[in-house]
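Heads up: the structure comes next, in structure tokens.
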Amino acid sequence: MGTVIVADARALEHSRDLRPFRSHSAMLFNCVVWERTFRDLSPGECRDLLRSVNVGRVGVSVNALPAIFPIHYALLDDDVVFRIAPVGVLADVLPNAVVAFEADGIPDDDEAQRWSVLVVGLAKLIADEERLEAARRLPLLAWDGHDSDRFTAIPAHRVSGRIYASPELHLPQKPG
């Protein structure tokens, strides 16, 4: 949880991630204090949430500019794995590139609690035959419909995430 003090509340009054509350010091200075309604997730919680959905986005650098592509993915051990076409932008830029991968969700289509997870890592084509066989068994569709046997893995060594709650609700507590 964090706190943001805003002199002009109109700037944030429609934010879904902040909620107002009044404190004695805020009243003295005639400003509104906004309470952030999120909690950072542990790496284990992030991995559990990543296993609960199968669509995400991978961010790469293309000609020194950011580009974001939707992908179907699955976790193999703790790696984010997805298919790529043999030719195309991702085939050109992904092998050995540092990438950002993000997935998010709204459990049971309930806006009361939503989450976002970010994985940053070095994308590698899966070449090891044993891991390639395991990747082939994953329920992976290629986003553009191709049936390529090229799989990319992003190790989830650097993973972070947040769970957000609607302002009128409390955040779920950390498990355990």
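The numbers here are math on the coordinates, done by the rules we state, and not lab data. No experiment lies behind these values; they were computed from the predicted model shown. Here the Cβ is made from the backbone with ideal geometry for all residues, glycine too, and neighbour counts use every protein chain on show.
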Per the filter on the range 106-117, residues surrounded by fewer than 18 Cβ atoms within 10 Å (Cβ to Cβ) and either touching a Phe, Trp or Tyr at 6+ places or on another chain (Cβ under 6 Å) or among the hydrophobic types (A, V, I, L, M, F, W, C) (or both) are ILE106, ALA112
Taking first residues from the range 73-94 that are buried (at least 20 other Cβ atoms within 10 Å of the Cβ) and second residues anywhere that are of a type in the set (Lys, Arg) and part of a loop (DSSP other than H, G, I, E, B), the pairs with Cβ under 6 Å that are 6 or more apart or on different chains are ILE84/ARG150
In the range 62-109, residues that are of a type in the set (S, T, N, Q) and within 20 Å of VAL159 (Cα to Cα) total 1
The residue from ALA134, ALA127, ALA67, ALA97 that alone is in contact (Cβ under 8 Å) with a residue 40 or more places away in the chain, surrounded by fewer than 20 Cβ atoms within 10 Å (Cβ to Cβ) and more than 13 Å from the chain's Cα centre (by Cα) is ALA134
